[in-house]
Amino acid sequence: KLLDNRTLQAADLQALSDFQNEIEELSRQVAGTQKQIGEISNKLKYINKAIVEYPNAKLDWLQRVKDMETALYDINVAFNGDEIRQANQFETYPGINYRLGVAAYSTWNSFAEPTKTAKMNLQIAKEDYETEIVQIQLILKNLDILEKEFNDADMPYTPGRGNNWKKN
């Protein structure tokens with residue numbers, strides 16, 4: 001049983017716990033998504049190299065890879081903010097991770113009710129995350145199409161592309 005020594009006690013401790021769990025779940029999803037973005041980025045690096053070095057590669061594939069890399073950069077900015085602008089002392093739109101951090105920090109070691117700012121940051125982070133997930137799904141779809149074209153053209157193996165290697 002807790003001591004009743006809290007100054008700003010939340011009226012509903014269950015609602016506070018639910019809010020904290022919501023932050024934790026979204027943080028888990030964001031971390032997993034960022035890991036997936038890194039994996040996609042790594043795949044694109046190898047695909048780009050294969051296109052440049054393989055003689056039968058279609059040149060329009062390079063532009064498609066570049067478009068996906070640009071989209072991934074924009075998604076990274078949405079998750080982490082524009083680090084280049086921040087480094088040069090320009091104001092930037094806060095990223096999803098920053099908003100989650102603010103919401104989480106305000107409830108750490110606290111039994112006070114979540115602030116309106118924390119609730120607002122969590123809501124905006126959720127909305128931004130949903131927007132970015134749609135973009136990631138589009139990139140995955142385009143990447144899958146490109147990898148199928150690679151298989152049809154008997155392109156060399158690239159990591160994560162399956163086992164349809166070039167036939168000898």
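Relative to the longest principal axis of the Cα atoms of the chain, the long axis of helix 116-152 lies at roughly 10 degrees. Dipole check for region 57-168: with +1 at the C-beta of Lys and Arg, -1 at the C-beta of Asp and Glu, and the Cα centre as origin, the magnitude is about 220 Debye.
The fraction of accessible area contributed by carbon and sulfur in the chain is 52 percent, rounded to a whole number (1.4 Å probe; ligands and nucleic acids excluded).
In a fully extended conformation the segment linking F90 and L140 would gain 14.8 nm over its present Cα-Cα distance, using 0.36 nm per residue.
Summed over the residues of the chain and divided among them, the accessible surface reaches 67 Å² per residue at a probe radius of 1.4 Å.
Working from the Cα coordinates of the chain, the gyration tensor eigenvalues give, after taking √(5λ), semi-axes of 44, 17, 11 Å in decreasing order.
How far, in degrees from 0 to 90, does helix 96-105 lean away from the longest principal axis of the Cα atoms of the chain, to the nearest 10? Once rounded, one gets 20 degrees.
Normalised by the number of residues in the chain, the average gap of Cα pairs under 8 Å and 6 or more apart makes the relative contact order 28 percent.
Against the main long axis of the alpha-carbon atoms of the chain, helix 60-80 sits at an angle near 10°. Residue pairs exceeding 21 angstrom between C-alpha atoms, taken from K43/K126; K126/K148; K66/K141; K45/K66; K35/K141; K43/K148: K43/K126; K126/K148.
The values are calculated or read from the model by the stated rules, or taken from the named source; none is laboratory data. Predicted model only: the values in this text are computed from it and were never measured. Reconstructed Cβ throughout: ideal geometry from the backbone, glycine too, with neighbour counts over all protein chains shown. All accessible areas refer to the heavy atoms of the entire protein, side chains included, with ligands and DNA or RNA removed. Shrake-Rupley method; radii C 1.70, N 1.55, O 1.52, S 1.80 Å.
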